[in-house]
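The values are calculated or read from the model by the stated rules, or taken from the named source; none is laboratory data. Please read all numbers here as calculations on a predicted model, not as lab measurements. Quick reminder, even Gly has a Cβ in these numbers, built from the backbone with ideal geometry, and neighbours come from all protein chains shown. What goes into the accessible areas is simple: the full protein's heavy atoms, side chains included, and nothing from ligands, DNA or RNA. Shrake-Rupley method; radii C 1.70, N 1.55, O 1.52, S 1.80 Å.
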Amino acid sequence: MSTFQKADAGWVAIERHPEFGAEAHQVKFFEVDEGGVAPLVKDADGVFQPGRHTVDVVRATPMDAVRITAMRELLELAGRATTQKQMDGIAEAQALIMRGPGG
């Protein structure tokens, strides 16, 4: 039997959708059952359900959630990079993400 617990502020589910890439979604509730704990995120219809493509659940500020999501995208790109120029571009993007706005 499942129980539901309201999530404290700051919990974010990082999803890696095969077609759309990485996304961050605010977690409002957790579902707890014999299988473990699952974050519940709001789908396109406004219904809370477990994220189908969730890869991480973290407690982060909004800016850090964006950074984590962007870094996951860069990690994916690095895995497909074949030239030094591509790797250099990924490294530049990583530095920009970590500096943040106004940095």
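Remark: the Q26-M63 segment gains 12.1 nm on full extension, using 0.36 nm per residue and subtracting the alpha carbon distance. What FRET efficiency would be calculated for the residue pair A78, R52, taking the C-beta separation as r and a Förster radius of 22 Å, to the nearest 0.05? According to the calculation, E is roughly 0.35. Ordering of 15-25, 78-88 by packing is 15-25, 78-88, highest average first (other Cβ atoms within 10 Å, averaged per residue).
Could you work out how far helix 62-80 tilts from the main Cα principal axis of the chain, as a 0 to 90 degree angle to the nearest 10? On a 0 to 90 degree scale, this one is about 60. For the chain, the pair-distance distribution built from all alpha carbon pairs, in bins 10 Å wide starting at 0, is 15, 38, 29, 14, 4, 0 percent.
The residues of the chain have, on average, 69 Å² of accessible surface per residue, using a 1.4 Å probe with all protein chains present. Angle, helix 84-99 long axis vs. longest principal axis of the chain, Cα atoms, 0 to 90°, nearest 10? It works out to around 50 degrees. The peptide list 38-45, 92-99, put in order of mean Cβ contacts within 10 Å with the highest first, becomes 38-45, 92-99.
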